[in-house]
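Worksheet: one structure, shown below.
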Amino acid sequence: MKQGILPLVAPGASDIDGLYSVFNDGRTVTWFCGAHPMRVHPASDHASQRSMLAFMNVHCGVKQGRLAKLFRVHPNTVLAAVGRYRQKGDAGFFEPTAVRGPAVMTPEVMAECRRLLNEGRSRAEVAEAVGVGKYNIDKAIQKGKLPESSSVVKRRSVVVPDAPLGSTSSERAAADVAAASELGMACTRVEERVMAACGLLGEASTRFETCCDVPHGGVLCALPALGGNGLFEHLGKLGKLPDGYYGLVHVFVLLAFMALLRVKTVEALRRDAPGEMGKLVGLDRIPEVRCLRAKVGFLARDAVAVGIWANTLSREWMQNDPDLAGTLYVDGHVRVYHGSKTNLPRRYVARQRLCLRGVTDYWVNDREGNPFFYIDRPVDDGLLSVLRSEIVPRLLVDVPCRPSAAELAADPLRLCFRLVFDRAGCSPVFIKEMWQEHRIACLTYKKSPGDDWPEEEFHTVEARLANGETIAMELAERGVWFGNDRDGFWCREFRRLRRGKHGNHQTAIMGSDYHSPAHEIAPAMFARWGQENFFRYMLQEFGLDLMPEHDTEVFPCSIPVPNPAWKALDAECRSLRGKIAAVKAKLGNKALELDDLEPGPMEAWIEKQDALFIDAADLEQKLNTARSSRRALPTHVPFDQLPPEYQFERLAPTRKLLLDTVRLIAYRAETALANLARPAMATPEEARAIVKAIFQTTADLHPDPNRRTLRVLLHPLAEPRLNRTVEAILGHLNDAEFTYPGTDLRMVYELISADAHAQ
């Protein structure tokens with residue numbers, strides 16, 4: 001019998017899936033199967049790295065998402081490498097560079113071109129006269145082999161090699177203003193717009209022009225990440241827009257760019273140049289505000305289709321990264337409503353420490369804070385209720401790689417996945433129900449943890465946080481009976497000891513995960529702050545709580561809510577009890593006056609005492625009547641059975657769900673790019689800052705139909721170190737070989753460098 005390979009990981013190597021690992025010392029990269037090296041190549045050999053990434057996915061079964069996360073590359077890079085490996089094998093990564101054809105710019109042709117240019121002929125005229133392409137003339141001039149035509153005024157002091165000159169911002173602005181007197185501002189594609197107005201055009205073609213200095217052109221760098229997060233894959237589930245100038249892809253690319261550029265509302269588009277934004281989506285201009293609002297409203301008319309589209313995306317996100325989907329974080333976020341069209345119930349808003357009207361959204365995120373979906377509850381009966389009724393049933397279908405029933409029966413401690421939430425879900429009944437019925441482990445902070453544990457029970461362990469950082473934690477663990485004798489059960493209780501100059505503090509955690517060690521469970525619980533950071537960031541940067549519309553709608557709801565009649569009687573009972581207490585206090589005070597009274601005033605004192613006794617008896621009778629009436633009423637009634645004056649309409653949810661889903665895609669795309677920048681940055685905040693700077697950067701666009709490429713030439717940032725990071729990010733994006741949707745143009749990203757020279 002052959003001995004199997006021991007799943008050993010070499011010291012200093014990064015574990016891939018338990019059996020395979022990789023070691024990178026900065027100079028060479030060594031791939032291991034157990035303790036046996038499989039392949040060694042220089043760290044700078046990207047072709048060998050992509051070859052091994054494809055090999056590990058195709059032959060070793062390692063998930064593409066796991067490889068992308070481990071090697072800090074874009075998922076599309078791994079996807080492209082796997083496609084090349086399946087098509088051409090390992091040799092596909094080492095193909096020699098294509099050899100150019102015979103030169104067309106011979107010395108004789110160059111001499112003739114030089115003569116014609118000196119005569120003042122244009123480039124196009126010279127190319128036609130000598131029988132070569134205008135591109136050859138442009139390239140020769142840019143390399144300094146030919147002089148510029150004497151009749152041409154230099155429009156730019158710096159040019160990029162191999163890039164033909166395009167329209168400047170001033171020229172485009174003049175053309176946009178000139179078109180305003182005809183069809184409208186920046187409506188320069190007259191024929192297509194007339195055809196669309198006559199109903200003869202399904203949608204305008206996506207056609208890019210050579211442009212220089214396009215504002216916010218750097219946002220095009222997000223396209224591979226947007227595509228990798230599913231922006232273009234399932235649009236067919238939303239149906240088709242009516243025939244017109246703007247198509248479905250145009251609308252969603254614009255919405256995603258708005259989110260990334262922090263244009264938080266459709267109305268805010270009025271402050272941006274429509275023609276310049278249009279160049280980024282391959283059109284003459286973007287839709288006008290009313291037009292875009294109408295397009296979004298048309299897509300949001302079918303609530304079922306929008307829900308299916310959003311659910312499909314969330315399910316796909318989980319399947320792309322099953323490791324992160326194994327631990328899910330659930331928390332509520334109150335979306336405050338300041339309007340007057342509906343009388344929403346009040347709820348406590350922790351960030352403002354007030355009870356305000358609003359809607360509670362329950363979000364489901366992964367350990368790194370990336371969102372999957374949310375459930376909105378206009379009538380909120382608590383975290384546990386929404387977990388039981390909506391979130392858990394959905395997760396039991398969507399979470400990938402769940403163990404089978406036979407596997408769960410064979411291992412009584414094995415779990416399907418973990419749920420992490422705050423103290424609002426600290427219920428022994430619920431935690432017991434989730435484990436016994438669905439084998440779902442729950443982690444939460446313990447309410448009323450009681451006395452501190454002896455410090456002798458704590459041991460220092462190395463714990464790995466969600467951001468990859470390893471820190472030392474002082475942890476202790478006990479097995480405890482959680483709950484009462486009837487509904488309780490055995491759980492694991494963990495304590496983390498924090499030492500500070502003002503004293504020590506112990507944080508208590510309850511969990512039904514009986515399989516994972518303490519140094520994994522504690523960081524998983526504390527990673528819940530990543531969800532809080534997500535809420536704060538989305539509020540500040542993406543306008544998460546902004547209302548896209550003011551419409552309301554009637555909704556069926558059988559959730560029990562407090563009975564207003566019972567609440568009114570309960571308030572009356574509290575008022576009567578207060579009055580009775582005040583009367584009894586007066587009686588006590590009168591009794592204290594008895595010792596100091598003379599015989600004369602005694603009769604007045606007795607009369608006052610009798611009046612107070614009568615008042616107290618009357619109040620007692622009213623209190624008993626109110627208690628009897630309150631006892632006859634239920635404390636809660638279904639929302640549908642409330643009197644009409646207490647019912648309310650919900651805020652229309654479909655349009656917000658549509659726009660929020662686009663925001664989630666944009667957030668995930670920005671996070672993916674920030675992960676590429678993270679190795680060169682000191683903090684995650686700096687990585688996000690540089691990605692936002694890239695989006696705001698001016699760029700030049702150079703489409704090449706012959707090569708089927710769209711070159712995006714980014715203008716450099718303020719510091720050389722930032723530009724080095726940008727170049728590394730662009731390298732990963734180019735490896736993805738992303739094709740602009742609706743065209744056959746492959747995106748090529750470059751950074752204008754010091755190699756550019758004066759013309």
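Where a number appears in this text, it was derived from the coordinates with a stated rule and is not lab data. Since this is a predicted model, take the numbers as computed values, not measurements. Reconstructed Cβ throughout: ideal geometry from the backbone, glycine too, with neighbour counts over all protein chains shown.
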Legend entry - Distance between modelled label sites at residue 134 and residue 470, nm, 7 Å Cα→Cβ extension: 6.0 nm
Inset, instruction - Report, in whole Å, the centroid distance computed from the Cα atoms of region 331-367 and region 632-696. - result: 12 Å
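Quick check: residue separation of residue 457 and residue 200 times 0.36 nm, minus the Cα distance between them. What number comes out in nm?
On the way: separation 257, 0.36 × 257 = 92.52 nm, distance 7.82 nm.
Between residue 457 and residue 200, full extension yields 84.7 nm more.
Taking the Cα centre of the chain as origin, work out the dipole magnitude from +1 charges on Lys and Arg Cβ and -1 charges on Asp and Glu Cβ, in debye rounded to 20.
Numbers: 96 positive and 95 negative charges, 228 e Å.
Roughly 1100 debye, rounded to the nearest 20.
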Inset, instruction - Compute the long axis of helix 248-260 from its Cα atoms, compare it with the longest principal axis of the Cα atoms of the chain, and write down the angle in degrees, 0 to 90, nearest 10. - result: 70 degrees
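What is the sum of charges, Lys and Arg at +1 and Asp and Glu at -1, for the other residues whose Cβ falls under 12 Å from the Cβ of residue 462?
Details: positive: 464; negative: 469, 474, 520.
Counting the neighbours of residue 462, the net charge comes to -2.
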Legend entry - Point-to-point label distance, residue 447-residue 727, nm (Cα→Cβ direction, 7 Å offset): 5.9 nm
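If r is the Cβ-Cβ distance from residue 611 to residue 354 and R0 is 60 Å, what FRET efficiency results, to the nearest 0.05?
Details: r = 43 Å, r/R0 = 0.72.
After rounding, the FRET efficiency stands at 0.90.
Determine the equivalent ellipsoid of region 350-479 by diagonalising the alpha-carbon gyration tensor, then write out the semi-axes as square roots of 5 times the eigenvalues, largest first, rounded to whole Å.
Working through the eigenvalues yields semi-axes of 27, 23, 17 Å.
Using a Förster radius of 41 Å, what is the FRET efficiency between residue 268 and residue 641 based on their Cβ-Cβ separation? Nearest 0.05, please. Show your work: numbers first, answer last.
Numbers: r = 43 Å, r/R0 = 1.04.
After rounding to 0.05, the efficiency reads 0.45.
Report the full-extension gain for the segment residue 112 to residue 234: residue separation times 0.36 nm, less the Cα-Cα distance, to one decimal in nm. Let's see the in-between values first.
On the way: separation 122, 0.36 × 122 = 43.92 nm, distance 5.49 nm.
38.4 nm is the gain from fully extending residue 112 to residue 234.
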Inset, instruction - Any chance you could give the angle, 0 to 90 degrees and rounded to 10, that helix 75-88 forms with the longest Cα principal axis of the chain? - result: 50 degrees
Inset, instruction - Describe numerically, in nm with one decimal, the distance between label points set 7 Å from Cα along Cα→Cβ at residue 486 and at residue 649. - result: 4.5 nm
Legend entry - Segment residue 586-residue 343, extension gain: residue separation times 0.36 nm, minus the distance between their alpha carbons: 83.3 nm
Inset, instruction - Could you work out, for region 14-93, what percent of all Cα-Cα pairs fall into each 10 Å distance bin, beginning at 0 Å and stopping at the bin that holds the largest distance? - result: 19, 56, 24, 0
Legend entry - From the coordinates shown, Rg/Rh (Cα atoms, Kirkwood Rh) corresponds to which of (i) 0.99; (ii) 1.09; (iii) 1.16: (ii)
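Can you tell me what percent of all Cα-Cα pairs in region 420-461 are more than 11 Å apart?
Working: 615 of 861 pairs.
Of the Cα pairs, 71 percent sit more than 11 Å apart.
Suppose we look only past 18 Å in the calculated P(r) of region 173-228. What percent of the Cα-Cα pairs does that tail hold? Write down the numbers at each step before the final one.
Values: 840 of 1540 pairs.
For region 173-228, the fraction of Cα-Cα distances above 18 Å is 55 percent.
Between residue 423 and residue 744, what is the FRET efficiency for a Förster distance of 41 Å, r being their Cβ-Cβ separation, to the nearest 0.05?
Working: r = 55 Å, r/R0 = 1.33.
The value I calculate is 0.15.
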Inset, instruction - Arrange the following residues from fewest to most other Cβ atoms within 10 Å of their Cβ: 569, 408. - result: 408, 569
Legend entry - Simple Cβ-charge dipole of region 14-93, Lys/Arg +1 and Asp/Glu -1, about Cα centre, in debye nearest 20: 280 debye
Inset, instruction - List, in the order given, every pair from 432/656; 447/501; 447/579; 341/622 whose Cα-Cα distance in the structure shown is over 30 Å. - result: 432/656; 447/579; 341/622
Inset, instruction - Would you kindly derive the ³J(HN,Hα) couplings of region 205-217 from the backbone phi angles with the Karplus curve 6.51 cos²θ - 1.76 cosθ + 1.60 (θ = phi - 60°), listing them in order in whole Hz, with x for Gly and Pro? - result: 6, 7, 9, 8, 10, 6, 9, 10, 6, 7, x, 6, x
Legend entry - Helix 654-677 axis, angle to the chain major axis (alpha carbon atoms, nearest 10°): 60 degrees
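Take 646, 374, 246 and order them by how many other Cβ atoms sit within 10 Å, fewest up front. Please list the in-between numbers first.
On the way: 646 15, 374 25, 246 19.
Fewest-to-most ranking of 646, 374, 246: 646, 246, 374.
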Inset, instruction - Classify region 650-706 as rounded, prolate or oblate from the Cα gyration tensor: take a ≥ b ≥ c as the square roots of its eigenvalues, call it rounded if a/c is under 1.5, otherwise prolate when a/b beats b/c and oblate if not. - result: oblate
Legend entry - Selection from 141, 646, 559, by position along the positive dipole direction of the chain (Cβ): 141
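Report, in deg cm²/dmol and to the nearest 500, the calculated mean residue ellipticity at 222 nm for the chain, where each DSSP H run with n ≥ 4 adds -39500 (n - 2.57) and the sum is divided by the residue count. Please report the intermediate quantities before stating the final value.
On the way: 25 runs with 302 residues, N = 759.
The helix-only estimate for the chain comes to -12500 deg cm²/dmol at 222 nm.
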